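Each remark here refers to the structure printed beneath this line.
The values are calculated or read from the model by the stated rules, or taken from the named source; none is laboratory data. Since the structure is predicted, the reported quantities are computational estimates derived from the model, not experimental observations. Cβ sites come from the backbone with ideal geometry, for glycine too, and all protein chains shown count toward neighbours.
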Amino acid sequence: MKFGKEFASQMVPEWEEAYMNYNYLKTILKDILNFRLGHPNPTSSPYPSPRTGKLLKRHFYKAFSGLTNRLGSYNEKNNKDEVILVSEIQLDEQPPENRSYETMFFRLSEEGAENEVVVFRRLDDEYNKVVGFYRGKVEEVVMEAEELNKQMDALFALKVRISDPQFHSSPTPSNSGGLPLEGIMEHEEKQERVQRNHTKMVSLEILNHVKMNVTSESAMSTLKTIFDGTKANLSFNKEELKSAQTKLKQAFVEFHRKLRLLKSYCYLNQLAFSKIMKKYDKVTSRNASKAYLEMINNSYLSQSDEVVKLIERVESAFITHFAHANRKQGISDLRPKAKRDKHRITFLVGCFVGCSIALAVAVILTIHARDLLRSPGRNQYMTNIFPLYSFFVYIVLHMLMYAANIYFWKRYRVNYAYIFGFKPNTELGYKEILLLSSGLLVLTFAAVLSNLEMEMDETTQSFATLTELVPLGLVTVVLLVTICPFNIMYRSSRFFLIVSLWHCVCAPLYKVTFPDFFLGDQLTSQVQLLRNVEFYICYYGWGDFKRRSNTCNQSNVYEMFFIFIAVIPYWFRFLQCIRQVFEQKDYGPGMNGLKYLSTIVAVVTRTIYVQRRGTAMRVIAASSSGVATIYNTYWDMVKDWGLLRKDSENPWLRDKLILPNKSFYFVAMVMNVILRLAWMQSVLDFHEAPWLHRSAMLFVVASLEIIRRGLWNFFRVENEHLNNVGKFRAFKSVPLPFSYEDGYKEL
């Protein structure tokens, strides 16, 4: 693989703009090469012949040699004539540490020298950018390390207090009950540290100046936060200790990951500058790389060792205090192995897709052979059985759209795993999603086919009631697999989904994170699925399945819940928006909440019109739906997608785009509008075509909304990713367990 592609693949996506622009510099070098091939300069060193030039171009790119390849590992040619002079410059208003570098090019008199001047100007700009970014990030991690030190001091003190309540009364330090302070910012030599650890013990005085941070991890903790404040006094129990250890362990893992990526950032950029300078020497037959790389080797980017030392100290502290001195386990927790594609998943996806196609063909042939579309029981089947099975098709269709989203997110380097907050290497890829969805589709088609066969076979007429229980059995299987506590079938992802769903249900008692409101938006596109759940409860709970008769619509309670069930997802999102208003002290989420209120009004009025009819109700339903559609469409494109920016670099889009073809964005906006107008079929009384049953029409409309949501998902996450890129946010914020009093200094 060429270095340019390897360089791009190893970048931290959110830091992409902070890396050296390797491709642009390589483009300038190609211009210089083309100029020299067309205009040989007799005053410069002889350039190889065209044939030799082809061989040279063939060897421009060497295999990526890894991050351990240090600068200067190549053979430079001795050249007595200087080509460049690299010097440090510092403006009067800048602090000493913010020095920048400037290169002076000595061969200005040669033909085509202006292109080489451009190279070094851009090279200086890129290097100053890289050094400035790296210096700033190092300062951040040093401050974070100091904060983790303070947190560990409080944790040790709490551990001592709980394990030995009488320790605080001891007049002198004792090795029997205390724990040495082994922070991650120690600078003493090993012998001095060992000697100090025998005398310096945990000071329980710290516990008088810290409080436990109360985070919204449960509904009860949120209520306590509302009435008691954001912090709580220590009660010195084991639950507090366990909670603090869990949070600090997570903080150490995330901090170690940040350090490793920062170290990779440093080495990758050094290697990129080395590669580009070697290319420059080959193109121009000069020896300028020696002077420039000497400057890099003596600069902060190469000489700084804070990150490497911090990595060593973090690993040592983590292994000692969170892995029971088991180095193998500690390193495994800090550096989880990269997720590998499994061939059996690809194989099983192919098998399930093939089986689902075969079963779908079998269902179609069975319906055609028995002429079921014209049979007297057609209406009864479509009214009672079809909604039971369409429930699973809605799930499969949503999963297929999500799999397509993941595929394109990965293709265009959208860091969806970080955005959703998945644990490292536990996120599902598009192949895993396809495996689950195709497996569920096989079960659904098999159930449909078995239902049809048992109903048609005269020898099994006595099992008519049993055939009605097939959909219920399938629902039970899906539910049991979802909540299965055993470590099978992607348990971490299933539990992540359950937790996010619980947060939606309990809104606004939980802090709203991206996965929570993202899932809430998915639920707003599954209104028909939720109504099918209501139908399941009615059909099986009231015993209609024994008679294959539908008496649900005859109940006023059912019709009332038919409206209520459709409002629930929008109400969840409204409550989440209210929570965000109070947390962020911003009215933007409040305006978003009004969007969901307008949608609630539209859904209620449309449902009432379908149930009651009437010209006045029709006008109200159409008007409210029109207002909600305009509001929702504006919010989708402007707020969620960040598009329709008139003054942007890409007119009516946004300054930064991921997709290479801008027309995709305009097509997506048009499709979003068209698919949002699917509600018009209800107010236009287009419920049933001569060739399409009403249940099938509802299925088509619901499927179109799921497809619209899948389209929305891609651009919503893309916009979130670009916002993170603009602010260089690449790591999640881990809440720390302790808060120190203002002005308190460690003893």
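Checked against the criterion of being modelled with pLDDT under 90 and in a strand (DSSP E or B), the range 676-696 contains one or more residues that satisfy it. Reported count of residues in the range 561-595, each being in contact with a Ser or Thr (Cβ under 8 Å, 6 or more places away or on another chain) and over 18 Å from TRP502 (Cβ atoms), is 4.
Scanning the range 611-627 for residues that are out of contact with any Phe, Trp or Tyr (no Cβ under 9 Å at 6 or more places or on another chain) and either part of a helix (DSSP H, G or I) or not assigned by TED's automatic domain parsing to the domain that holds VAL673 (or both) gives ARG612, THR615, ALA616, VAL619, SER623, SER624, GLY626, VAL627.
Per-residue answers, yes or no, for (1) surrounded by 20 or more Cβ atoms within 10 Å (Cβ to Cβ); (2) over 30 Å from VAL725 (Cβ atoms); (3) at pLDDT below 90:
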{"position": "GLU455", "(1), (2), (3)": "no, yes, yes"}
{"position": "GLY473", "(1), (2), (3)": "no, yes, no"}
{"position": "THR476", "(1), (2), (3)": "no, yes, no"}
{"position": "LEU479", "(1), (2), (3)": "no, yes, no"}
{"position": "LEU497", "(1), (2), (3)": "no, no, no"}
{"position": "CYS506", "(1), (2), (3)": "no, yes, no"}
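Yes or no: VAL442 over 30 Å from ARG729 (Cβ atoms), at pLDDT 90 or above and touching a Ser or Thr at 6+ places or on another chain (Cβ under 9 Å)? Yes, satisfied. As a summary of the residue check, LEU123 satisfies the conditions (1) closer than 24 Å to SER299 by Cα; (2) out of contact with any Leu (no Cβ under 9 Å at 6 or more places or on another chain) except for the one numbered (2).
So, THR513, is that one within 22 Å of the chain's Cα centre (by Cα) and either in contact (Cβ under 8 Å) with a residue 40 or more places away in the chain or loosely packed, with under 15 Cβ neighbours inside 10 Å (or both) or not? Here the answer is yes, as THR513 does meet what is asked. Listed residues LEU675, LEU643; which is of a type in the set (A, V, I, L, M, F, W, C) and in contact with a strand residue (DSSP E or B) (Cβ under 8 Å, 6 or more places away or on another chain)? Result of the check over LEU675, LEU643: LEU643. With respect to VAL725, determine if the residue is closer than 24 Å to VAL638 by Cβ, assigned to a helix (DSSP H, G or I) and modelled with pLDDT under 90. Answer is yes for this residue. So is TRP635 under 26 Å from the mean Cα position of the chain (by Cα), within 20 Å of GLN526 (Cα to Cα) and assigned to a helix (DSSP H, G or I) or not? Judged against the criteria, TRP635 is a match. Of the residues that make up the range 372-379, is at least one polar (S, T, N, Q), in contact (Cβ under 8 Å) with a residue 24 or more places away in the chain, more than 30 Å from ASP333 (Cβ to Cβ) and out of contact with any helix residue (DSSP H, G or I) (no Cβ under 9 Å at 6 or more places or on another chain)? For the range 372-379, residues polar (S, T, N, Q), in contact (Cβ under 8 Å) with a residue 24 or more places away in the chain, more than 30 Å from ASP333 (Cβ to Cβ) and out of contact with any helix residue (DSSP H, G or I) (no Cβ under 9 Å at 6 or more places or on another chain): present.
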